[in-house]
Amino acid sequence: MVAPARTFAHDGIAFGGDYNPEQWDESVWAEDVALMREAGVDLVAVNVFGWARVEPRPGEFDFSGLDRILDMLHAAGIRVNLATGTASPPPWLAHRHPEILPVTEDGTHRYPGGRQAFCPSSPVFRDAALRLVEAVASRYGAHPAVALWHVSNELGCHNALSHSDASTDAFRRWLRTRYGTVAALNDAWGTAFWSQEYGSFDEILTPRAALSARNPGQALDFHRFSSDALLELYRAEAAVIRRHSEVPITTNFMVAAHIENMDYWQWAGDMDVIANDHYLDHRLGDPRTELSFAADLTRGLAHGTPWILMEHSTGAVNWQPVNHVKAPGQLARNSLTHVARGADGVCFFQWRASVQGTEKFHSAMLPHAGTDSALWREVVDLGETVERIGEVAGTRVVADVALVFSWESWWATDAETRPSAAFGYLDQVHAAYAALAGLHLTVDIVAPGAPLADYRLVVVPGLHLVREAEAAVITDWVARGGTALVTFLSGTVDAEDRIYTGGYTGPFREALGVRVEEFAPVPVDAVLRLESGGAATLWSERMRPTTAEVIDTVVDGPAAGSPALTRNAWGDGAAWYLATLPDAETYGRIAARIAAEAGAAPAARVEGAPREVEVVRRRGDDRSYLFVVNHTVEDVRVHAAGFDLITQTPVSGACEVPAGTVRIIREECAS
Ligand code: GAL
């Protein structure tokens, strides 16, 4: 067993993308490498979808192509992020073993023809995958080009929830380990209701399609199990690699708005370096702010250490209803926003645009139009920029604010029966984050129960499922002088999805100084007026303060006259409670008031304070860097002093940041 490297050592910021040369005649490869050098590419992911090429027939390996690719890249000084290749099984595997196929909740199979056509719990798939990993890792474990191992690809992107027989067996085993006895499981799931008591683990199924709503405890545990099953696959592949190589191992996460099924808090500790794939999602109201949130959450998974943006796009994707191109300059703004928020690598899907296959309308670093194109020039410019700012690598983002995020709360609030189907956990998180981002505050995203000593303000949006000990970390921190904002639905259920009785907000109740008697959600198009003049939607509550001060009140709707915002002095600190969803402007005002009280401040002062300007500081032992990303169409002035790495000019006192551009200022003295 070789000792793990545990960090990804790279000189500066890594730049590159997925390289899928299997698609091209070998005569193209030399041009690829030459152009990669022109663009400043120094890290490429290969073999992501290579299984069918390297194992064309069961147990028969052909590494001749991959050998040449690795040698060619190495000769050009380009490092390789080598994928195990297990993400897309070749047709021969499902043809011989249809039992590996995933099964949906209504019992139908999903067939090969796309990718990820396997059930994560299939032992047959696992054996075949590990045989491939063994072959790849033993061949390339000591290859000098390999800088990083890339297990599978986006584990769980398409196949996270499978109801196959293999999955059912594995779910039963997982439940046995979790509960020990079927009596304990019955208690946890509340099966005494609706005559659901199980007599043995063998009677339990995955939560398959039913005529009525299903048991929510079962659904929640199935989410936990499914995330764990994928993590087990990761661990199994990583263990094989580790026998042959000391190079760091990771897989690409999907911290993104539409991906819910993996609890990456549970996964992060297994990664030697955290890597994320992020695509702007134009189905959202504010894709730009979601990008910043996702980058901050990825940094949270990395515990503040640098991480790698393993994939994003140079332009349009091909899987949204309308696939938006990026505006001129947006590619650099998006990429450098990730760097501002802690990325030490900027990579894309994919190097050369496909001309065939499912992703032929997806943008790439080298577009169909070739090198005589604006997009190629932006890629080359970005490569130069990334090279120029290499000294920021290794520094860490500074944040005054923490936001508590939980995949378990996301799963629990997605249950089939709930107070309002219009409540979306991630929407609540995004709304709180947007209010903070609008104030230019830098936010760390942390797990429930994470230590909070470094922060001035902690925001807890819709933390529906929380353990008492996790809530206590927050309320104790408040008592010691912290300021927290907790929003509605927080503290509703425990880890077994059981309601905390005695007034909602459960373990937060005393610190918040409120008694919530009934939830009173409102129809989606209803607008609630607030006494302060603000407006709100979605939610209100019949509640009253016990010890809290009422700051604002709902004027109309089913909870007219009830508090909308309260503040409770708790120990040496203050616990605020928000019982509705304010509109963006009102939320911004509330956040500003609470942030001011907490003493949370932005990394720099932006004159005129347009919300579409981002300011973030990364700090090292002896240096700091102020990132300013101006997404507006106006020039802005930011208070800073030092040396701008982008324009290579000194900055004294104030920095002009032209419309649509980025500045990265090495500061003379960090504030
Ligand atoms: C990712 C995936 C890539 C590519 C990309 C397109 O989910 O890892 O292989 O499909 O999406 O946006």
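The values are calculated or read from the model by the stated rules, or taken from the named source; none is laboratory data. Computed from a predicted model, the values in this text were never measured in an experiment. FYI the Cβ positions are ideal-geometry reconstructions off the backbone, even for glycines, and counts take in every protein chain you see. Areas reflect the complete protein model, heavy atoms only, side chains present, ligands, DNA and RNA absent. Shrake-Rupley method; radii C 1.70, N 1.55, O 1.52, S 1.80 Å.
Taken over region 521-531, the criterion of being farther than 12 Å from Ala564 by Cα and buried (at least 22 other Cβ atoms within 10 Å of the Cβ) is satisfied by Pro521, Val522.
Would you confirm, using the coordinates I've provided, whether Val80 is assigned to a loop (DSSP other than H, G, I, E, B), among the β-branched types (Val, Ile, Thr), open to solvent by less than 50 Å² (accessible area, probe 1.4 Å) and away from the ligand (no atom under 16 Å from the Cβ)? No: the conditions fail for Val80. For the structure I just gave you, tell me whether Gly608 is surrounded by fewer than 16 Cβ atoms within 10 Å (Cβ to Cβ) and in contact with a helix residue (DSSP H, G or I) (Cβ under 9 Å, 6 or more places away or on another chain). No: the conditions fail for Gly608. Restricting attention to region 165-186, the residues that are open to solvent by 80 Å² or more (accessible area, probe 1.4 Å), in contact (Cβ under 8 Å) with a residue 40 or more places away in the chain and closer than 17 Å to Glu496 by Cα total 1. In the set Ala142, Ala137, only one residue is more than 26 Å from Asn261 (Cα to Cα), touching a His at 6+ places or on another chain (Cβ under 9 Å) and not in a loop (DSSP other than H, G, I, E, B); that residue is Ala137. Annotation for region 111-122: no member residue is surrounded by fewer than 18 Cβ atoms within 10 Å (Cβ to Cβ), away from the ligand (no atom under 16 Å from the Cβ) and not aromatic (Phe, Trp, Tyr).
Considering region 566-630, the qualifying strands (runs of 3 or more DSSP E), each wholly inside and each with 1 or more residues that are under 17 Å from Thr289 (Cβ atoms), run over 613-619, 624-630. In the set (1) over 18 Å from the mean Cα position of the chain (by Cα); (2) closer than 30 Å to Ser212 by Cα; (3) of a type in the set (Val, Ile, Thr); (4) assigned to a helix (DSSP H, G or I), Val478 fails one condition alone, (2).
Restricting attention to region 252-283, the residues that are touching a residue at least 40 places away in the same chain (Cβ under 8 Å) and over 13 Å from the mean Cα position of the chain (by Cα) add up to 3. Looking only at region 352-378, which residues are within 16 Å of the ligand (Cβ to nearest atom), of a type outside the set (A, V, I, L, M, F, W, C) and buried (at least 17 other Cβ atoms within 10 Å of the Cβ)? Those that are within 16 Å of the ligand (Cβ to nearest atom), of a type outside the set (A, V, I, L, M, F, W, C) and buried (at least 17 other Cβ atoms within 10 Å of the Cβ): Arg352, Ser354, Glu359, His362, Ser363, Pro367.
Scanning region 171-228 for residues that are not hydroxyl-bearing (Ser, Thr, Tyr) and not in a helix (DSSP H, G or I) yields a total of 16.
Selection over region 433-473 of residues that are assigned to a strand (DSSP E or B) and either touching a Leu at 6+ places or on another chain (Cβ under 6 Å) or not acidic (Asp, Glu) (or both) gives a count of 8. Looking at this structure, is Asn318 within 15 Å of the ligand (Cβ to nearest atom) and assigned to a helix (DSSP H, G or I)? So Asn318 does not fit the description; no. With respect to the stated conditions, Ala52 fails to be of a type in the set (A, V, I, L, M), at pLDDT 95 or above and more than 16 Å from the ligand (Cβ to nearest atom). For region 14-28, check the following and say yes or no: at least one residue is under 30 Å from Leu645 (Cβ atoms), surrounded by 13 or more Cβ atoms within 10 Å (Cβ to Cβ) and away from the ligand (no atom under 16 Å from the Cβ). Checked against the condition, which is being under 30 Å from Leu645 (Cβ atoms), surrounded by 13 or more Cβ atoms within 10 Å (Cβ to Cβ) and away from the ligand (no atom under 16 Å from the Cβ), region 14-28 yields at least one hit. In region 144-159, the residues that are closer than 23 Å to Val41 by Cβ reach residues that are modelled with pLDDT under 95 and more than 16 Å from the ligand (Cβ to nearest atom) with C-beta atoms within less than 6 angstrom, at least six apart or across chains, in these pairs: Leu148/Phe8. Every residue in region 50-62 that is in a loop (DSSP other than H, G, I, E, B), in contact (Cβ under 8 Å) with a residue 60 or more places away in the chain and crowded, with 18+ Cβ neighbours inside 10 Å, please. Hit for region 50-62 is Glu55, nothing else. Mind listing whichever residues of region 233-251 are free of Cβ contacts under 8 Å to residues at least 60 places away in the same chain and not hydrophobic (A, V, I, L, M, F, W, C)? If the condition is that a residue be free of Cβ contacts under 8 Å to residues at least 60 places away in the same chain and not hydrophobic (A, V, I, L, M, F, W, C), then Arg235 is the only one that fits.
Which residues, taken from region 315-355, are among the polar types (S, T, N, Q) and closer than 19 Å to Phe253 by Cα? If the condition is that a residue be among the polar types (S, T, N, Q) and closer than 19 Å to Phe253 by Cα, then Asn334, Ser335, Thr337, Gln350 are the ones that fit.
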